[in-house]
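Before any comments, here is the structure.
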Amino acid sequence: MPKNHKSTHFFETPLWKIFVGPRYSNSKYLFLILIPNLLAAVLEGGTFALILLAFSALEGKQVQDFHIPSWFPITGWLSSLSSIRLFYFFVLSAIGFQAFRGIVSFISLYGTSLLSLKVQTAAQKQVYHQIFKFSFPFISQYKIGDLNEYVKGPSVLIPQLFDSLNRVIVSVFMIMGLSVVLFWISPKLTLLTLVFFGLFALSQKLVIKKIGKFSEQLSNHLFEFSHQTVQALQGIRPIHIFHRHDYLLNKVAELLDRIAQCSKRTYFWNNIIPSMNETVNVLLVGGILIIGSYLLAHSNGDVISNLLTYVALTYRLATRSQICMAAVGQTGVVFGAIRRFNEILDDRDKEYLPFDGKDLKSWSHKIEFQQVSLQYPKSTKFALHEVSFSIMKGTMVAFVGLSGAGKSSVLDLILALHAPTEGEIRIDSHPLRSFSHESWRRKIGVVSQDIFIFNETIEENIRFGDERATHQQIKKAAALAGSSEFIENLPDGYNTLIGERGYRLSGGERQRIALARALLKNPEILILDEATSNLDSLSERLIQQALKGMQKSKTMIVVAHRLSSVVQADQIIVMEKGRIIETGNHEALLRLNGRYAKLWELQTEKNCIQQ
């Protein structure tokens, strides 16, 4: 799997770049988050200031004792109120402040949700862009389960992240607003309180560090579990055939045990925080009652009203601090997933599809391999060794040989899925690498033995070859591929849904659908990689006749184990252990009496025995 780059700070990650986005694009969402939160903090502090004034009014103080500025619009009106009416006014005002704070908090939460949704959508688009823009050799190093988790990641990760960040922002503003009122009541006691909170925050930071460590390990195990699940579901047929249920269950059970152990440690440190919070609340209230009663007794204010308000404020401050630390802890829980998610977006050590190169509008002469060798990534052996041959336009060239001879590697190079390790491939004397992959692959249609059928209708599966094709063109391609008869006999014809990976069709039917898809594209070059291996003799004969009719109008490249399917080829290339050992047409190779002749003799004898 590609190298893992870990970012120590969120602001260094690709996810942060997505959050920032184009300049000012997210400013309106930030406005909906920051301004209401700041206003909510002011309203929170104002609420407790009003409660303190209400207590003071209940004790008989008048407006002039509150030092309300004379320019305040309703100062004169307040002066006319009795103490009990002042009490009611301040209490009702505090309730109004809290109601208004609820409104602005809703605006903040809504703004956070909108920004989270925007970043989530952008992140998922970016993940898809990354995955499908990676080069084929690079993307082949990833596990399917991991890619699936990367794609799903933003929908789970980003809402959690933004929820935690919003709670941190709200709590910080609230703590600032409450601290102002606390300093107003008693600066000395507030300094002691803030020192206490600072020490508490340091202790929680150590716990959060532990949570981040175990959450990253848990994220890695969950990724592996997802990979195992996807692989098991895809391989459910061979699992039944080879009766490997116990092996699979033991492997998954071992992985789930590791997940449980890691989760146990994460839960342990997560559950320490609420216990610490409860203890801190009791210590804080007790300390304030003891120290505060002494300090406030030597101040000019009313001890009881100031002390009660201060205790309520501090308890509110403690609650907000706990919410803030819990949000930071939640960020620590998802930080492992954040770093894992950023692996796919990090551009370091990534290989992308080349988008440069000339547009290949046409080719007129030949495809030429010049001393080409190929070594796959992470492999110590060469799949091809100094291979040289030419494929003339309008001819049929077949590659034959035993498994592992290098036939598929030749096709990988022709399709530009891999680049030669040594040597060069040329199109009409021009290097293949000088052309864009898109313009080259537009000219190629491929039918392979390991075909992929989408869980769509038959018509949509064939239309994958050319999205602009009409229904009549699809029917024509199906007829050419020998599949129109069985399609029209289905209950819904071309609108028949064929299930996951085409499980409702036989192997031969799936192959004929794939052939129709390739023919619909009307390619200049048609590659058939064991394309008739799953067909019955009659279907194979019909397709061979159709292909023979196209032989003069298309360049055909065929890989086959059954030599009877390549006897009409203009050139047959026999491969062994990544090298070319024989070339020629069918008659010439038989006269040579080499490897091809021996393979032909073996297959002919086998056919005679079967008959």
Problem - Accessible surface, the stretch 119-219, averaged per residue in Å² (probe 1.4 Å) - result: 47 Å²
Completion exercise
Per the Kirkwood formula over distinct C-alpha pairs, the hydrodynamic radius of the stretch 384-510 in angstrom is 17.4 Å
Handout entry: Residue order for Val168, Val207 - accessible surface, 1.4 angstrom probe, largest first
Key = Val168, Val207
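If r is the Cβ-Cβ distance from Ser403 to Ser203 and R0 is 56 Å, what FRET efficiency results, to the nearest 0.05? List each step's numbers first, then the result.
Working: r = 63 Å, r/R0 = 1.13.
For R0 = 56 Å, the calculated efficiency reads 0.30.
Anything over 26 Å Cα to Cα? Flag those among Lys143/Lys251; Lys350/Lys378; Lys133/Lys554; Lys350/Lys521; Lys361/Lys393; Lys358/Lys393, in the order listed.
Lys133/Lys554; Lys350/Lys521
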Practice task
Hey, can you grab everything whose amide H is under 5 Å from the amide H of Ile527? Only 5+ residues off in sequence or another chain; H modelled, so Pro and N-termini drop out.
Solution key: Gly445, Val446, Val447, Ile557
Problem - Accessible area of Asp529 in the full protein assembly, 1.4 Å probe (Å², nearest 10) - result: 30 Å²
Problem - Cα-projected label distance for Leu256 with Leu34, points at 7 Å along beta-carbon direction, nm - result: 4.8 nm
Problem - Accessible-area value, Lys358, 1.4 Å probe, nucleic acids and ligands omitted, Å² - result: 110 Å²
Problem - Compactness of the stretch 92-160, expressed as Rg and Dmax over alpha-carbon positions, Å - result: 19.9, 69
Practice task
Give me the Kirkwood hydrodynamic radius of the stretch 82-196, using the inverse of the mean 1/r over all pairs of distinct Cα atoms, in Å to one decimal.
Solution key: 18.7 Å
Problem - Under 5 Å, built H, 5+ apart or other chain: amide partners of Ser373 - result: Glu386, Val387, Thr421, Glu422, Gly423
Exercise for the section: Sort Arg463, Arg316 from largest to smallest accessible area, using a 1.4 Å probe on the heavy atoms of the protein chains. Expected result: Arg316, Arg463
Handout entry: Heavy atoms of Lys598 accessible to a 1.4 Å probe, total area in Å² rounded to 10
Key = 120 Å²
Problem - Probe 1.4 Å, all protein chains present, accessible-area order of Arg595, Arg512, Arg541, largest first - result: Arg541, Arg595, Arg512
Problem - Leu248/Thr583 FRET efficiency (R0 45 Å; Cβ-Cβ; nearest 0.05) - result: 0.45
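The values are calculated or read from the model by the stated rules, or taken from the named source; none is laboratory data. Owing to the predicted nature of the structure, the values given are computational and were not obtained by experimental measurement. When we count neighbours, we look across all protein chains shown, and the Cβ atoms used for this are built from the backbone with ideal geometry, even at glycine. All accessible areas refer to the heavy atoms of the entire protein, side chains included, with ligands and DNA or RNA removed. Shrake-Rupley method; radii C 1.70, N 1.55, O 1.52, S 1.80 Å.
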